[in-house]
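**Q** The structure that follows is given in the form of structure tokens.
Just so it is clear, none of the values below were taken in a lab; they were calculated from the coordinates. Just so it is clear, the structure is predicted and the values come from calculations on it, not from any experiment. Cβ placement follows ideal geometry from the backbone for every residue including glycine, while neighbour counts extend to all protein chains displayed.
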């Protein structure tokens with residue numbers, strides 16, 4: 001539908017480059033009719049599956065950034081430990 005609308009707009013602005021304005025208009029009407037008829041015939045839709053809101057979610061496992069963040073924190077902690085060991089060895 002977006003492509004047809006774009007073509008119609010371009011045919012308005014540049015009619016010599018986009019000459020099939022009538023065909024695009026007919027096609028848009030056909031698609032609109034098809035969509036309307038499809039929606040009218042599908043009055044009974046399946047209910048959406050909803051997740052249980054009462055069950056607590058472990059959001060740490062859902063966020064892909066948490067894995068990266070925890071790895072960065074582990075690296076920082078590891079680097080801190082290395083620095084502590086170097087200081088201890090120097091003293």
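**Q** What's the extension gain from residue 84 to residue 9 if we count 0.36 nm per residue and subtract their Cα-Cα distance? Could the numbers behind the result be given before it?
**A** Working: separation 75, 0.36 × 75 = 27.00 nm, distance 6.81 nm.
Difference between extended and current length: 20.2 nm.
**Q** Using the basic label-point model (7 angstrom from Cα toward the beta carbon), what is the residue 49 to residue 32 distance in nanometres?
**A** My value for the distance between the label points is 3.7 nm.
**Q** What ranking of 1, 48 emerges when the number of other C-beta atoms within 10 Å of each C-beta is taken as an exposure proxy, fewest first? Each step should come with its number before you reach the end.
**A** Values: 1 10, 48 5.
So the residues, fewest neighbours to most, are 48, 1.
**Q** Rounded to two decimals, what ratio of Rg to Rh does the stretch 2-41 give with C-alpha atoms and a Kirkwood Rh? The partial results should precede the final answer.
**A** Working: Rg = 12.1 Å, Rh = 10.7 Å.
In the stretch 2-41, Rg relative to Rh is 1.12.
**Q** In what order do 82, 49 fall by count of nearby beta-carbon atoms within 10 Å, going from fewest to most?
**A** Numbers: 82 10, 49 5.
Least crowded to most crowded, the residues run 49, 82.
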